[in-house]
1. Cα to Cα, under 23 Å, and not fewer than 8 places away if on the same chain: which lysines meet these conditions relative to K132?
2. Taking the Cα centroid of the stretch 85-146 and of the stretch 176-229, what is the distance between the two, rounded to the nearest whole Å?
3. With a 1.4 Å probe and all protein chains left in place, how much accessible area per residue does the stretch 38-159 have, in Å²?
4. Of the listed peptides 50-59, 133-142, what is their order by residue-averaged count of other C-beta atoms within 10 Å, with the highest listed first?
5. What number comes out for accessible area per residue over the stretch 174-229 if the probe is 1.4 Å? Units Å², please.
6. Beta carbons within 10 angstrom, averaged per residue: use that to sort the peptides 107-114, 166-173, 80-87, highest first.
7. Grab the other residues whose beta carbon is less than 12 angstrom from that of V56, score K and R as +1, D and E as -1, and report the net.
8. Convert each backbone phi in the stretch 163-170 into a coupling constant with the Karplus relation 6.51 cos²θ - 1.76 cosθ + 1.60 (shift: θ = phi - 60°), then list the ³J(HN,Hα) values in order as whole Hz, x for Gly and Pro.
Amino acid sequence: PSPIPMNSALTRFAAAAAFSLLFASAAQAQAQGPAAGKEGAPASVTVISPIYGQLVRVSMPTNFTPAFENTRDAFYIREAVLKGETVNAWTQMITITGSRGMATVANFSPQKLAASIAVGFKKACPESFAVKDLGETKLGDQDAYLAVANCGKVNSSADGHSETALIVAVKGTSDAYTIQWAERTAQAASAPVIDEAKWQGRLRELMPIRLCPIVAGEAAPYPSCLQQK
């Protein structure tokens, strides 16, 4: 059985599929007020959440609002959508997941986690699937892997929409985390072209993404994590 309730969201399906393939409630805290975004980008707030063994820090654009959160067994998921949208009817979604203990599994790597999420996309649209690897990176001291996956047409959807997602997979001290930014658009060509510059821009909006130690007795806004560069 899937570790979370399923709905039509492909990103949720893909995250659950990755968890099942590789590993077979955390409180959210808004750390600070709005920060000015880069020119042309919406302003953002720094969000720091204790998820299993570490604090997860990400910049969240202020035009997104939390819409769903669930913890079951060793899997955590939180979804945010554009204001005015829902988890069942959305055009953009930012998803944060945590998989407890996954980073300690033999042969685990962020690349394998990102690839597993891409497999979830491919299963949903084998005829119109595309993926672009953006490669390995470091987020602070943590190993991470970046990719963009695309379905030109999600076969299970009523409207046959296209869905594209930036995937950031991060290896924590003992747990594994993902940050995904997905977008739905009208049905694309059978061989969609991924706009790398667009998704690199979305990645910059989420930065800095950091994993921080949980300090005993420290409460929100988690100053030890806020101070990390």
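The values are calculated or read from the model by the stated rules, or taken from the named source; none is laboratory data. In this text the structure is predicted, and so the values were computed from the model without any measurement. Counting neighbours? That spans all protein chains shown, and the Cβs are built from the backbone with ideal geometry, glycine included. Accessible surface is based on the protein model in full, side chains and every heavy atom, while ligands, DNA and RNA are left aside. Shrake-Rupley method; radii C 1.70, N 1.55, O 1.52, S 1.80 Å.
1. By straight Cα distance, K132 reaches K112, K122, K123, K153, K171, K198.
2. If you average the Cα positions of each part, the centres end up 11 Å apart.
3. For the stretch 38-159, the solvent-accessible area averages 42 Å² per residue.
4. 50-59, 133-142
5. Using a 1.4 Å probe on heavy atoms only, each residue of the stretch 174-229 averages 50 Å².
6. Averaged packing, sorted descending, gives the order 166-173, 107-114, 80-87.
7. Values: positive: R57, R78, R210; negative: D175.
With Lys, Arg at +1 and Asp, Glu at -1, the neighbours total +2.
8. 9, 10, 9, 7, 10, 10, 9, 10
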